[in-house]
């Protein structure tokens with residue numbers, strides 16, 4: 001099917017122009033503000049499909065309760081979680097709107113979110129909105145490893161926390177690739193396939209989604225590093241994603257530092273100069289301490305956390321090496 005022309009986003013008779021699709025998994029505490037934010041959208045006509053993706057908590061029951069009586073909302077359920085790609089495909093395929101907006105179960109869209117996305121969609125096929133982290137809790141001090149999402153400009157990764165795609169493009173591409181079993185690259189793959197087919201893109205600065213700020217410790221950080229390495233699969237499935245890397249294979253420059261420290265340490269010890277890698281590590285810590293000067297920590301704490309962070313990067317480098325072997329696709 002040919003993609004919809006710009007400005008021709010017209011639904012079937014009686015159908016709204018846009019459908020919001022959300023895949024939800026074990027996020028019961030975060031669902032009330034999400035549903036309330038969708039109900040508060042200033043755009044007058046839309047539908048919402050909320051897909052419970054095999055949650056083990058009360059997410060499904062909560063979604064039904066929160067949307068009861070609101071005919072704009074439908075709640076679907078998948079019994080077994082097989083990744084967000086499958087849930088999102090179920091969501092958009094069950095809708096009739098010609099435009100599909102995606103956000104995530106740990107996000108809260110601003111009231112004008114949909115209106116801003118639709119305005120940008122008049123001039124492009126796929127629209128990426130702005131995503132900002134939620135403000136820290138006033139009852140908890142910020143943690144170094146707290147994580148969220150920030151997309152302040154066009155990223156080229158088509159993050160579904162804030163994305164609008166015409167239904168004809170989803171049909172033409174066959175939707176999200178359900179080969180991706182976790183939320184790591186399935187949205188980028190979809191966007192890059194659309195881009196390769198000639199889809200036009202735009203960034204909508206006024207289409208704002210607030211992303212939950214997840215409190216995290218070092219153990220959580222290491223878990224995320226291991227999970228993050230799974231994006232190597234994306235490079236194997238869609239080689240065009242390598243254009244997002246330096247030289248087609250380097251994700252982070254610090255990974256090269258970690259790899260370089262191995263032969264540097266061996267050579268330095270053999271030559272009787274073990275202080276050389278120590279100086280290299282100290283230099284990186286000093287640079288990272290300066291680079292993170294905007295964070296609400298004194299310099300001595302930033303230096304200490306930078307040292308711990310480097311250990312985390314070393315672990316991440318090892319995870320990427322393992323994933324590169326597993327998927328037979330080199331990413332450093």
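Values quoted throughout were computed directly from the atomic coordinates according to the rules given, and no laboratory measurement underlies them. Everything numeric here is computed off the predicted structure, so don't read it as measured data. With ideal geometry, Cβ positions are generated from the backbone for all residues, glycine too; neighbour counts draw on all protein chains shown.
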Report, in degrees rounded to the nearest 10, the 0 to 90 angle that the Cα long axis of helix 186-196 makes with the longest principal axis of the chain.
80 degrees
Assign one of three labels to region 210-277, namely rounded, prolate or oblate, based on the Cα gyration tensor with a ≥ b ≥ c the square roots of its eigenvalues; rounded applies when a/c is under 1.5, prolate when it is not and a/b is larger than b/c, and oblate otherwise.
oblate
Quantify how much of the Cα-Cα distance distribution of region 18-216 extends past 28 Å, in percent.
20 percent
Angle between the Cα long axis of helix 84-93 and the longest principal axis of the chain, 0 to 90 degrees, nearest 10?
20 degrees
When a footprinting reagent is the concern and you count Cβ atoms within 10 Å, what order do 100, 250 take, fewest first?
250, 100
Efficiency by 1/(1 + (r/R0)^6): what FRET value for residue 227 and residue 264, r their Cβ-Cβ distance, R0 = 25 Å, to the nearest 0.05?
0.30
Measuring from the longest principal axis of the C-alpha atoms of the chain, the long axis of helix 218-228 (C-alpha) lies at a number of degrees, nearest 10, equal to 70 degrees
Give me 255, 123 sorted ascending by neighbouring Cβ count inside 10 Å, so fewest comes first.
123, 255
222 nm [θ] for the chain, helices only, -39500 (n - 2.57) per DSSP H run of 4+, per residue, to 500?
-12500 deg cm²/dmol
When DSSP beta bridges are limited to those with both residues in the chain, what percentage is antiparallel, rounded to the nearest 5?
35 percent
Using the Cα gyration tensor of region 154-236, with a ≥ b ≥ c the square roots of its eigenvalues, what is the shape: rounded (a/c below 1.5), prolate (a/b larger than b/c) or oblate (neither)?
oblate
At what distance in angstrom do the alpha carbon centres of region 128-145 and region 182-196 lie from each other?
26 Å
For region 18-216, what proportion of DSSP beta bridges, expressed in % and rounded to the nearest 5, is antiparallel?
30 percent
Region 217-332: equivalent-ellipsoid semi-axes (sqrt of 5 x gyration tensor eigenvalues, Cα, Å)
27, 20, 13
Across bins of 10 angstrom width beginning at 0, how are the C-alpha pair distances of the chain distributed, in whole percent?
5, 23, 31, 23, 12, 4, 1, 0
When 247, 259 are ordered from fewest to most other Cβ atoms inside 10 Å of their Cβ, what list results?
247, 259
Which log10 I(q)/I(0) values does region 262-305 give at q = 0.18, 0.29 Å⁻¹ under the Debye formula, counting every alpha carbon as one identical point scatterer?
-0.57, -0.89
Determine the distance separating the Cα centre of region 57-82 from the Cα centre of region 88-111; give it in Å without decimals.
14 Å
